[in-house]
Amino acid sequence: MRFGIRTRARQIARQLIVTAMPPSGTGPVVVVKDDAGRTVVDDYWNEHTLHQAPFLSAKESERYLRKRNSEYPLFPELMDLYGDHRGELVLDYGCGPGDDVTGFLLWSNAQKVIGIDVSAKALGFLRHRLALHHVDLERVELIRITDSTGKVPLPDDSVDWIQCGGVLHHTTHPKEILMEFRRVMKPGAQGRLMLYNRDSVMYHVWIAYAQLIVNNAFPGLTVDQAFTKSTDGPDCPVSDAWTPKRVLDIIAEAGMDGGFRGGYLSVMELEWLRKYGKGAVAEGRLADEHRQFVSELELDTHGYPLWRGRYAGIGGVYTISKRSETPRNASLD
């Protein structure tokens, strides 16, 4: 009974915080850019935020961030979280409620972190969260934009590091956004992108086999259509799995050098592989593409699956950097 009372009290406290946001508190101001022409993508992510309730304390915020990172094996390593960015300006594009904005501010020594997102609700949560951490307001800037263009409202050659995790596969203008990344990056600047990885256990084992064949889910839909409905809600307007070649091609078209680092995993992918992997290889109704993928998987010493030498998780991670005067081909290195 005592536990139930505490839980209810926390729920009430969270609701009071939501009611008070965003006017109250001492968090950073959210600057609105290009508010005209908002799209269904903007509206969807304003409603479907990653966090549905604010944190009650800085300790709870930090505990959540560490827990999130632990639930995605290889995520911190492949995305280079959070690194040493002493004296640098870090841009988190598509920051949502600010897990990585918070992480960079707490642990990277960044001089300033800019969080950009289409969701007023998510930025409101982030504003409150940073107030809990008593972040120096000179070190952070929050900007709300719209998906109707690919514009990044920052000056040329102003950013040292770009973080863009789980965003471009939800946008209407990914190439234009990448071109803007190139424009705002300083000479020598780098970044890390994550896009949903088609060469993944989730795509080939969970969606193509477990969902469409074993569970008979999504009748009449293709694997790609079923994937879209399985990631960020069935009504998410844009959500697809990208091959590394597709990502590297668009990075090159945007005028940058890029490389594929592999796909970090979710703990669910490890469970799906254990439960459905053998069945997928033996299933005659499964298309050859998917059966071949599963049959070629190898496990490292931690039991993490690799496909053709790359980790085969849903979080496909890519490096970006400004192209040198002598262009290099995008690579799988």
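The values are calculated or read from the model by the stated rules, or taken from the named source; none is laboratory data. Please read these numbers as outputs of a predicted model, since none were measured by experiment. With ideal geometry, Cβ positions are generated from the backbone for all residues, glycine too; neighbour counts draw on all protein chains shown.
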What's the number of the condition LEU105 fails, among (1) in a helix (DSSP H, G or I); (2) in contact (Cβ under 8 Å) with a residue 40 or more places away in the chain?
(2)
In region 231-257, how many are crowded, with 19+ Cβ neighbours inside 10 Å and out of contact with any Ser or Thr (no Cβ under 6 Å at 6 or more places or on another chain)?
9
Identify, by number, the condition in (1) in contact (Cβ under 8 Å) with a residue 24 or more places away in the chain; (2) over 22 Å from the mean Cα position of the chain (by Cα) that ALA241 doesn't meet.
(2)
If you check every pair at least six apart or on different chains, which have Cβ atoms under 7 Å apart with a residue in region 64-91 that is farther than 19 Å from VAL317 by Cα and basic (Lys, Arg) first and a residue that is outside any strand (DSSP E or B) and at pLDDT 95 or above second?
ARG86/ASN109
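With respect to ARG274, is the statement that it is surrounded by fewer than 17 Cβ atoms within 10 Å (Cβ to Cβ) and either modelled with pLDDT of 95 or more or among the hydroxyl-bearing types (Ser, Thr, Tyr) (or both) true? Steps first, answer last, please.
Numbers: surrounded by fewer than 17 Cβ atoms within 10 Å (Cβ to Cβ): yes; either modelled with pLDDT of 95 or more or among the hydroxyl-bearing types (Ser, Thr, Tyr) (or both): yes.
Considered against the rule, which asks whether it is surrounded by fewer than 17 Cβ atoms within 10 Å (Cβ to Cβ) and either modelled with pLDDT of 95 or more or among the hydroxyl-bearing types (Ser, Thr, Tyr) (or both), ARG274 comes out as yes.
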Scope region 138-148; condition touching a Gly at 6+ places or on another chain (Cβ under 8 Å) and farther than 13 Å from VAL32 by Cβ; matching residues
VAL140, SER148
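From the list GLY150, GLY233, exactly one residue is more than 21 Å from LEU273 (Cα to Cα), part of a loop (DSSP other than H, G, I, E, B), in contact with a Phe, Trp or Tyr (Cβ under 9 Å, 6 or more places away or on another chain) and modelled with pLDDT under 95. Which is it? Give the derivation first.
Details: GLY150 fails: in contact with a Phe, Trp or Tyr (Cβ under 9 Å, 6 or more places away or on another chain).
Exactly one of GLY150, GLY233 is more than 21 Å from LEU273 (Cα to Cα), part of a loop (DSSP other than H, G, I, E, B), in contact with a Phe, Trp or Tyr (Cβ under 9 Å, 6 or more places away or on another chain) and modelled with pLDDT under 95, namely GLY233.
To keep it simple, each residue is scored yes or no on (1) crowded, with 23+ Cβ neighbours inside 10 Å; (2) more than 27 Å from GLY188 (Cβ to Cβ).
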position	(1), (2)
ARG86	no, no
PRO97	yes, yes
ASP100	yes, no
SER119	yes, yes
LEU123	yes, yes
ALA131	no, yes
LYS151	no, no
LEU154	no, no
Filter result (surrounded by fewer than 18 Cβ atoms within 10 Å (Cβ to Cβ) and within 25 Å of the chain's Cα centre (by Cα)) within region 300-309
ASP300, HIS302, GLY303, LEU306, ARG308, GLY309
